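Scroll down for the structure; my scribbles are underneath it.
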Amino acid sequence: MTDAHPHHIVIVGGGFGGLFAAKALGRSRGGSIRVTLLDKRNFHLFQPLLYQVATGSLVVGDIATPHRVVLRKYKNVQTLMGTAYDLDPERRVVKHEYGELNYDTLIVATGVKHSYFGHDEWRAHAPGLKTVEHALEMRRKIFTAFERAEQETDPDKRRALLTFVVVGAGPTGVELAGALGELAHHTMANDFRSIDPRETRILLVEGAKDVLPAYDEDLRDSARQMLEELGVKVIPETLVENIEDGQVTMRSGQLVRNVPAETVLWAAGVKASVFGQVLAQRAGVELDRQGKVQVQEDMSLPNHPEIFVIGDLSRYEPKPGQPLPGLAPVALQQGRYVARLLKRRLQGRKTKAFKYKDRGSMAVIGRNRAVGDLRWLHVRGFPAWLLWVGIHIWSLMSVEQRLRVMMEWSWKYITRKSGSRLATGYPTSTSQLRDERVNHTTE
């Protein structure tokens, strides 16, 4: 291997898996490795805190960092913005919207997106929470509902405006519902004149028997109690049958009911990104029901040792029937593992199979309210909340972000005030209507 022809590693996707792989490969010395990170965005998004953007606690800049800023000290790493849409494994070429990239090794980490279980028409009425745009759309819907309720005189319409339905009671749904409860019952309690935000109804709908289905029973009980303290009504063993403008249809056993609600927020399911289908067609890999790619013990594809799939897009079962969860720590560890494997492979050395180090999981419900399974200890309440705060501040990408978020949270904790409650943007139909009115009045 010479400096003139370094081994070219292309990484598609700049989430936790792709970015940490790039960082680890960027530490390579001797000019033996060249890395290109390709992502449809030019920034890394800290998704675990995206719900705080949606509920006004943080702004986008607090949790998003440009890829080239994170990687600027690694001279052998180049970042490119563009959407990958095809692959030619024989030629070892990735095709993207602005051209092609030749690779010696390919790492795919394009993640997942929302699944509406065959009802994509619900997307228009129930935004999910995976991107910046999703968070800002949620924020607009949430605060617009309160603003409209302030001037609504019809009690039924006002009640619908002050009814929020969160679909899915996993960690994202629980954190989102808890943040809404904090917002309505504390942060905005005295900010309106015609309405009392504490009359807000927050319904958390879950198909399983309880919130946080993956957690142990004692933590589920604690989480449910904390949610109820914040005015959240948990509706378990209930499926959503339809979502339309201003109304949600739910089924609990044989009981079907329609709930008037202007704001529905989706946290119920995910499916793999479209690039998983590209890998299935071009590389002949198997996909599971969610479209995730079956990988081998070293995260590579069968018959294609030069292609690796990591993060939420991959499906790896250390034990039969027990796939790794779609969590940021899994993606992060897989990114570092593949980087180490590639360095050792170029040196002619072997690497053991990937082994996930499970350090536990946590979910925050609100101020001083959280639950955590640390594998060796269950924590709840204020100690859990304090631990959650520390872990998430430390996990942010830059020192500047850590300081800014720490100051934001400290100020909010002391004053119970949040300064990002901006109902920015308009739905497409509203924008078009306003444009038509402006054009009509200016003709």
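Just checking, which of LEU265, LEU180, LEU176 is modelled with pLDDT of 95 or more, touching a Pro at 6+ places or on another chain (Cβ under 9 Å) and under 21 Å from SER420 (Cα atoms)?
Residue meeting the stated conditions: LEU265.
State whether the residues of region 137-146 include one that is part of a loop (DSSP other than H, G, I, E, B), open to solvent by less than 30 Å² (accessible area, probe 1.4 Å) and touching a Ser or Thr at 6+ places or on another chain (Cβ under 7 Å).
Among the residues of region 137-146, not one is part of a loop (DSSP other than H, G, I, E, B), open to solvent by less than 30 Å² (accessible area, probe 1.4 Å) and touching a Ser or Thr at 6+ places or on another chain (Cβ under 7 Å), which makes the answer no.
Go through (1) assigned to a loop (DSSP other than H, G, I, E, B); (2) β-branched (Val, Ile, Thr); (3) crowded, with 18+ Cβ neighbours inside 10 Å for VAL364 and report which single condition fails.
(1)
Among the residues of region 326-359, which ones are in a helix (DSSP H, G or I), within 24 Å of ASP288 (Cα to Cα) and charged (D, E, K, R)?
none
Please work out which one of (1) at pLDDT below 95; (2) closer than 30 Å to HIS185 by Cα is the condition PHE382 fails and give its number.
Failed condition: (1).
Looking at GLU217, is it surrounded by 13 or more Cβ atoms within 10 Å (Cβ to Cβ) and modelled with pLDDT of 95 or more?
no
Taking PHE20, is it closer than 29 Å to GLY178 by Cβ, in contact with a Lys or Arg (Cβ under 8 Å, 6 or more places away or on another chain), of a type in the set (Phe, Trp, Tyr) and modelled with pLDDT of 95 or more?
Considered against the rule, which asks whether it is closer than 29 Å to GLY178 by Cβ, in contact with a Lys or Arg (Cβ under 8 Å, 6 or more places away or on another chain), of a type in the set (Phe, Trp, Tyr) and modelled with pLDDT of 95 or more, PHE20 comes out as yes.
Need at least 2 residues that are closer than 17 Å to VAL94 by Cβ per element, so show me which strands (runs of 3 or more DSSP E) inside region 1-46 make the cut, counting only ones lying wholly within it.
7-12, 33-39
Here are TYR103, TYR116: which of them is touching a strand residue (DSSP E or B) at 6+ places or on another chain (Cβ under 6 Å), of a type in the set (Phe, Trp, Tyr) and touching a residue at least 12 places away in the same chain (Cβ under 8 Å)?
When all the criteria are applied, what remains is TYR103.
Got a number for residues in region 191-209 being surrounded by fewer than 17 Cβ atoms within 10 Å (Cβ to Cβ) and in contact with a helix residue (DSSP H, G or I) (Cβ under 8 Å, 6 or more places away or on another chain)?
6
Of all residues in region 50-88, how many are over 30 Å from LEU183 (Cβ atoms) and open to solvent by less than 30 Å² (accessible area, probe 1.4 Å)?
10
Among the residues of region 367-389 satisfying the criterion of being of a type in the set (D, E, K, R) and assigned to a loop (DSSP other than H, G, I, E, B), which is surrounded by the fewest Cβ atoms within 10 Å (Cβ to Cβ)?
ARG375
Could you tell me which residue of region 117-133 is nearest to PRO6 (Cα to Cα), considering only residues that are open to solvent by less than 10 Å² (accessible area, probe 1.4 Å) and in a loop (DSSP other than H, G, I, E, B)?
Among residues in region 117-133 that are open to solvent by less than 10 Å² (accessible area, probe 1.4 Å) and in a loop (DSSP other than H, G, I, E, B), the one nearest to PRO6 (Cα to Cα) is GLY128.
The values are calculated or read from the model by the stated rules, or taken from the named source; none is laboratory data. Being a predicted model, the structure only gives us computed values, none of them experimental. No Cβ is skipped: glycine too gets one built from the backbone with ideal geometry, and neighbour counts run over all protein chains shown. The area values use the complete protein model at the heavy-atom level, side chains included, leaving out ligands, DNA and RNA. Shrake-Rupley method; radii C 1.70, N 1.55, O 1.52, S 1.80 Å.
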